[in-house]
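The values are calculated or read from the model by the stated rules, or taken from the named source; none is laboratory data. Everything numeric in this text was worked out from a predicted model, so none of it was measured. Reconstructed Cβ throughout: ideal geometry from the backbone, glycine too, with neighbour counts over all protein chains shown.
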Amino acid sequence: MAFEELLEDPVIQKYLNELVGPKGMPVAAAPPDGEVTDEELAERLGLELNDVRRALFILYENDLASYRRVRDEDSGWLTYLWTFEYEHIPGNLHEEMERLLEALEERREYELNNEFYLCPECSIRFEFGEAMDLGFTCPECGSQLEAMSNDELIGAVDERIGELRSELGLAT
């Protein structure tokens with residue numbers, strides 16, 4: 001996928017926005033070619049320097065930016081020259097999908113291996129042990145707790161697991 005196409009993809013835009021937030025999105029959405037300083041980016045984008053630095057650091061932590069330090073020989077000050085490395089985005093997204101799949105599989109097991117009770121008034125859900133300790137009475141409103149089927153939730157989790165496994169090219 002070409003660099004420009006990559007940034008136009010709504011999934012990638014959402015991913016970047018989740019990483020850097022709304023204040024950092026102008027930094028993530030318009031990476032310059034070659035090296036740039038944080039001051040240059042702040043001036044070019046009309047942003048606060050701290051917001052630019054925060055976004056750059058988050059991109060760096062996620063292997064989407066790197067920097068090179070250059071020391072000014074006269075003043076001794078360090079200048080950081082940033083380079084954007086968005087070729088890592090597809091791999092990062094793949095890892096995120098794998099983490100989500102693992103979390104969903106754990107949630108599925110939890111739902112399958114527990115029995116739940118629900119307060120019909122407050123909609124608070126309790127595991128069997130908690131419900132038993134409470135005498136099957138809601139601690140908030142005093143209503144009698146009712147056995148709850150979680151088949152719909154398990155079905156939805158199974159469906160999402162299937163979609164993710166398919167997207168990741170894994171056998172179902």
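Structure notes:
- Checklist (1) touching a helix residue (DSSP H, G or I) at 6+ places or on another chain (Cβ under 8 Å); (2) modelled with pLDDT of 95 or more applied to Tyr60, failing item: (1)
- Residues of segment 16-39 that turn out to be closer than 16 Å to Ser66 by Cβ, of a type in the set (Asp, Glu), at pLDDT 90 or above and surrounded by fewer than 17 Cβ atoms within 10 Å (Cβ to Cβ), as a count: 1
- Flag if Pro10 is in contact with a Lys or Arg (Cβ under 9 Å, 6 or more places away or on another chain), at pLDDT below 90, loosely packed, with under 15 Cβ neighbours inside 10 Å and over 18 Å from Glu61 (Cα atoms): no
- Sole residue being closer than 27 Å to Arg160 by Cβ and either more than 17 Å from the chain's Cα centre (by Cα) or surrounded by fewer than 18 Cβ atoms within 10 Å (Cβ to Cβ) (or both), chosen from Glu61, Glu96, Glu43: Glu96
- Restricting the first member to segment 124-138 and to residues that are small (Gly, Ala, Ser), and the second to residues that are surrounded by 13 or more Cβ atoms within 10 Å (Cβ to Cβ), the beta-carbon pairs closer than 7 Å and six or more apart or on different chains are Ala131/Tyr117; Ala131/Leu145.
- Residue in segment 66-83 that is under 15 Å from Met25 (Cα atoms), assigned by TED's automatic domain parsing to the domain that holds Ile12 and either more than 17 Å from the chain's Cα centre (by Cα) or not polar (S, T, N, Q) (or both) present: no
- Residue that is modelled with the lowest pLDDT, among those in segment 138-172 that are small (Gly, Ala, Ser), under 18 Å from Glu98 (Cβ atoms) and surrounded by 11 or more Cβ atoms within 10 Å (Cβ to Cβ): Ser166
- Leu170 being aliphatic (A, V, I, L, M), in a loop (DSSP other than H, G, I, E, B) and under 30 Å from Ile12 (Cβ atoms): yes
- Within the option set Ala65, Ala55, Ala28, Ala42, being touching a Phe, Trp or Tyr at 6+ places or on another chain (Cβ under 6 Å) and farther than 30 Å from Ile154 by Cβ holds for one residue only, Ala65.
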